[in-house]
C-alpha cells in the first residue's frame, strides 16, 4: 500500500504538470518503453521496501545500489570506455556487497529474515539497473511522459495485486500526507535522474545516482541505531568506495 500510494501521488502530480504545459505524447516506441520502465521500477521499489522492512537498512541499501553495474556494462557495450579507476571500482563494489551480506544471527528466524532481505535487495539491484537503462533510452523524447506513463503502469499493476491479495493493514487518513510527500520526492528524484541522462553518459550518471545509500545508512545509524559487525562495516565502506571510484573515474 505504501508503494501504491507513493506511485499514485507522483502520477497525479506529473499529470497536472503535463496538462499545464501541454506536453505532446511521444511516439509508440517511447510509450512502450516508458510503461516497461514503470513496471521494472515498481518491482525494484517493492523489493527494496520489503528488504528494508525485514532486513538491516545499512546492508540493504548498498546492495540495492550495486545494480548500477548493469548500466555501466551497457554503457561500455555502447562505446563508453571505463578508466582503470572505474574498472577497479566495479571489482571493489562487488567485494563490498559480498562482505556486507555476511550477517550472523543466533536464531533461525533472524537468519532467515536476513537471507530474505539480501535476496530482495539483489532483486531490487537488478531491477533498478534495468530501470536506469530503459530511462536512458526514452529520456530524450519526453521526461514528463516517461514519468506519467511509468507511474500509470506501476499503479495499474499494484491495484491488480491489491485486489487479488488485499493487504492486512490499510493506510490511515493520517498516512496520506507522508505518502504524498514520498511520492513527490520519488518523482523529483526520477525526474532529475532523467534530466541528467539527457546531459551525460549513462555509465556515469547511473553511478552518481547510486550514491543514495549514503543518506540511508546515516539515517539508519542516527534514527534506528543500527550497528553492523566489523566485516559488514568494511563491506559497506568498500561498496561506497567502489561506487565513488566508478563515478570519479
Which residues, taken from region 1-15, are crowded, with 23+ Cβ neighbours inside 10 Å and outside any helix (DSSP H, G or I)?
none
Name the one entry in 219, 147, 197, 238 that is part of a helix (DSSP H, G or I) and modelled with pLDDT of 85 or more.
147
Residue check: is residue 68 under 24 Å from residue 147 (Cβ atoms), over 13 Å from the mean Cα position of the chain (by Cα) and buried (at least 19 other Cβ atoms within 10 Å of the Cβ)?
no
Which number in (1) surrounded by 17 or more Cβ atoms within 10 Å (Cβ to Cβ); (2) over 21 Å from the mean Cα position of the chain (by Cα); (3) at pLDDT 85 or above marks the one condition that residue 187 misses?
(2)
For residue 52, state whether it is over 30 Å from residue 232 (Cα atoms) and part of a helix (DSSP H, G or I).
no
Which of the residues spanning region 74-88 are modelled with pLDDT of 75 or more and under 20 Å from the mean Cα position of the chain (by Cα)?
74
Residue in region 200-215 that is modelled with the lowest pLDDT, counting only those that are in contact with a helix residue (DSSP H, G or I) (Cβ under 8 Å, 6 or more places away or on another chain), surrounded by fewer than 18 Cβ atoms within 10 Å (Cβ to Cβ) and assigned to a helix (DSSP H, G or I)
214
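The values are calculated or read from the model by the stated rules, or taken from the named source; none is laboratory data. Not measured: the values here are computed from a predicted model. Methodologically, a virtual Cβ is constructed for each residue, glycine included, from the backbone with ideal geometry; neighbour enumeration extends over all protein chains shown.
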